[in-house]
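Encoded as structure tokens, the structure appears first; notes follow it.
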Amino acid sequence: IAEIHRRAQPLPDKSDKLWRCRSHCGFLETNTTFQKTLLDDWDKVKVLGTTHVELAAHLKNILQTYEKQKEAQKRGPDATLRVTYDCRNLKGGFLKAKAPQNFEVEHKSYAGAQWSLFYNPQIALEKISNSIQDKELFDNNRRCWSEDHIVRNLDLGIEITIAGGLEGGIIYYIENYGFYEGGLMNPYRIDPAILVGMITGEKNQLMGKALLDKIVAEIQRLSLEFMELEQKKRFWLEDEKREKNGDDQADLWFRRCREKLMEEEDVWMEKKKKVLGLYFTD
């Protein structure tokens, strides 16, 4: 567990001899642990009245429907398509919905590959030492992947990013380990409550809390970026030569950065207002 937790952290530098197998942004954030993330999500899935296997099955069905439509329409590998999915058609499923959900699925492929969090270090070292190409690593134990899928529920206006696809990645983790990645700022984290809401189209309190927590974390991130920007500007003004002679180009850069942060903050504040209105009003 300790080794898995270490690998799951964001990669600080290249001191690890197997740094090529690590995720630069991490599978977790530094303020949580692998074990706690697992326990919290297992409890949450139980409260939601479903199972990890069922949630993984729904994600597989959505991606399989996407792949079939893409093939039928003779679209390219990174096509964006609309997909309609009804979770009530899953045999033995626990989730219920009032109507089928409309999704937009976007596929992104990459030249490099992301190694699994659970890689075997001996095999990994051998592959890296022998300069074996990433494409040769897609074998039965799903050691890596080179694709993402962005799934948007068009009715609810929310989305998730699926690291990997049908053959490896987060869906395999969910099905076999109940691991959805962790951290509010992690773009690859799939909160089970948000996932259930997306699949069924039914809003729930746990989903609202998960969305709100993520929005609050993003607003806090922006506050820190504002502070860092102001600090950079102070350092810039401390240079007497620059302060005396002025530097219109640098000043323009600072103003544009601040405007961009303010625009992003407005977007997240609007999302917060929307979530509060949808999930936390009587």
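The values are calculated or read from the model by the stated rules, or taken from the named source; none is laboratory data. Every value quoted in this text rests on a predicted model; they were computed, and no experiment measured them. We place every Cβ from the backbone using ideal geometry, glycine too, and count neighbours over all the protein chains shown. These area figures cover heavy atoms from the full protein model, side chains too; ligands, DNA and RNA do not enter into them. Shrake-Rupley method; radii C 1.70, N 1.55, O 1.52, S 1.80 Å.
Structural remarks
- In the range 1-17, the residue that is surrounded by the most Cβ atoms within 10 Å (Cβ to Cβ) out of those that are closer than 21 Å to residue 174 by Cα and of a type in the set (A, V, I, L, M) is 8.
- Single match in 169, 157 (criterion: open to solvent by less than 50 Å² (accessible area, probe 1.4 Å), within 18 Å of the chain's Cα centre (by Cα) and modelled with pLDDT under 95): 169
- Residue 37, sole failed condition from (1) of a type in the set (Ser, Thr, Tyr); (2) open to solvent by less than 30 Å² (accessible area, probe 1.4 Å); (3) in a loop (DSSP other than H, G, I, E, B): (3)
- Of all residues making up the range 40-60, the number that are open to solvent by less than 50 Å² (accessible area, probe 1.4 Å) and either closer than 17 Å to residue 186 by Cβ or modelled with pLDDT under 90 (or both): 2
- Residues that are under 19 Å from residue 161 (Cβ atoms) and among the β-branched types (Val, Ile, Thr) do occur in the range 77-87.
- Checked against the criterion of being in contact with a strand residue (DSSP E or B) (Cβ under 6 Å, 6 or more places away or on another chain), open to solvent by 30 Å² or more (accessible area, probe 1.4 Å) and in contact (Cβ under 8 Å) with a residue 40 or more places away in the chain, the candidates 20, 82 yield just one match: 82.
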